[in-house]
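Since the structure comes first, as structure tokens, the remarks are kept for the end.
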Amino acid sequence: DHYKKARVTAESGLIVREGGSVESGSVGTVGTNEDLIVVGQEGDYVKVVYGSDYSTGYILSTGVELTGDWVKKDEVHAQIKRIAAQKAEEARRAAAAAAASSSAVSGGSAPSIKYTPSASGGGQSIVGSAMKYLGVRYVWGGTSPSGFDCSGLVQYVCRANGISVPRTAAAQYSAGRKISRSELCAGDLVFFSSGRGISHVGIYVGNGNMIHAPQTGDVVKISSINTSYRISHYAGAVRVTK
């Protein structure tokens, strides 16, 4: 019912990785004496929750030591869910502001905005459906609100909006019209590659963020697509709305 607390002891801090191996991409760093919550282990790496926004990632276990303190698992997951909801609301407000700006332009011409909501409203409907599942746990192969993997979430949400897409992320990449990064709208599907083909998919929500089911031990949440790791592994985007 509890997770252990730990503290970074490495003098130069540690790289936080997306997975439990040196081959996994960097998603951030933690500094010396920074407090962490250990939620799992994978080989030489421990999975931790860190920072004020309760981010998750993997760091070398040799660079941390347990403090002897504990924290309730329910409290940690409640915080993750609260922060995810807060980010979702910020993304919703940003998309609404972009829509208002677009409608206010005289002559019917839209301004040049890098990230805009879908003009048809279908994209916003997809995002709205996906937001209902913030905090749902990641389950490999999961395709329902009892647990989702990345492509399972996308398929379920699209189906709820009358859109049929394939089951896997790789197949979903061929399910709609390819668009450039600068064309991204709310509801578009964004894809990432591990170097061996498409490995992850999320739903773009606006303002440089996506909602997705990240990995085992995590939950459906809002994440930036503009981290160094996501930028280097970005594979493209697809629009499944009309």
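Selection within segment 164-198: residues that are out of contact with any helix residue (DSSP H, G or I) (no Cβ under 7 Å at 6 or more places or on another chain) and assigned to a strand (DSSP E or B). The member of this set that is modelled with the highest pLDDT is Val190.
Among the residues making up segment 147-167, those that are within 17 Å of Ile211 (Cα to Cα) and hydroxyl-bearing (Ser, Thr, Tyr) are Ser151, Tyr156. Quick one: which residue in Gly20, Gly43 is surrounded by fewer than 16 Cβ atoms within 10 Å (Cβ to Cβ) and not polar (S, T, N, Q)? Going through Gly20, Gly43 in turn, just one is surrounded by fewer than 16 Cβ atoms within 10 Å (Cβ to Cβ) and not polar (S, T, N, Q): Gly43. Would a scan of segment 224-235 turn up a residue that is among the β-branched types (Val, Ile, Thr), farther than 29 Å from Arg82 by Cα and surrounded by fewer than 20 Cβ atoms within 10 Å (Cβ to Cβ)? No, because not a single residue in segment 224-235 is among the β-branched types (Val, Ile, Thr), farther than 29 Å from Arg82 by Cα and surrounded by fewer than 20 Cβ atoms within 10 Å (Cβ to Cβ). Of the residues making up segment 4-13, those that are within 18 Å of Ser55 (Cβ to Cβ), open to solvent by 30 Å² or more (accessible area, probe 1.4 Å) and out of contact with any Phe, Trp or Tyr (no Cβ under 7 Å at 6 or more places or on another chain) number 1.
Here is a check on your reading of the model: is Val154 under 19 Å from Thr241 (Cα atoms), in contact (Cβ under 8 Å) with a residue 24 or more places away in the chain and not in a helix (DSSP H, G or I)?
no
The set of residues from segment 14-40 being part of a loop (DSSP other than H, G, I, E, B), touching a Phe, Trp or Tyr at 6+ places or on another chain (Cβ under 6 Å) and more than 17 Å from Ser232 (Cα to Cα) comprises just one member, Gly20.
Does Val139 satisfy being surrounded by 14 or more Cβ atoms within 10 Å (Cβ to Cβ) and under 30 Å from Asp74 (Cβ atoms)? Judged against the criteria, Val139 is a match. Is it the case, given these coordinates, that Val157 is under 23 Å from Glu89 (Cα atoms), of a type in the set (A, V, I, L, M) and open to solvent by less than 20 Å² (accessible area, probe 1.4 Å)? In short, yes.
Here segment 217-242 is the region considered, the condition is being part of a loop (DSSP other than H, G, I, E, B) and in contact with an Asp or Glu (Cβ under 9 Å, 6 or more places away or on another chain), and the residue that is modelled with the lowest pLDDT is Thr241.
Summed over segment 47-84, the residues that are open to solvent by 50 Å² or more (accessible area, probe 1.4 Å), of a type in the set (A, V, I, L, M) and in a helix (DSSP H, G or I) give a count of 1.
Scanning segment 1-44 for residues that are of a type in the set (Ser, Thr, Tyr) and farther than 20 Å from Arg230 by Cβ returns Tyr3, Thr9, Ser12, Thr32. Note on segment 132-148: residues that are touching a helix residue (DSSP H, G or I) at 6+ places or on another chain (Cβ under 7 Å), under 18 Å from Gly162 (Cβ atoms) and either at pLDDT below 90 or among the charged types (D, E, K, R) (or both) total 0.
The values are calculated or read from the model by the stated rules, or taken from the named source; none is laboratory data. Note that the structure is predicted; figures quoted are calculated from it, not measured. Cβ sites come from the backbone with ideal geometry, for glycine too, and all protein chains shown count toward neighbours. Accessible surface is based on the protein model in full, side chains and every heavy atom, while ligands, DNA and RNA are left aside. Shrake-Rupley method; radii C 1.70, N 1.55, O 1.52, S 1.80 Å.
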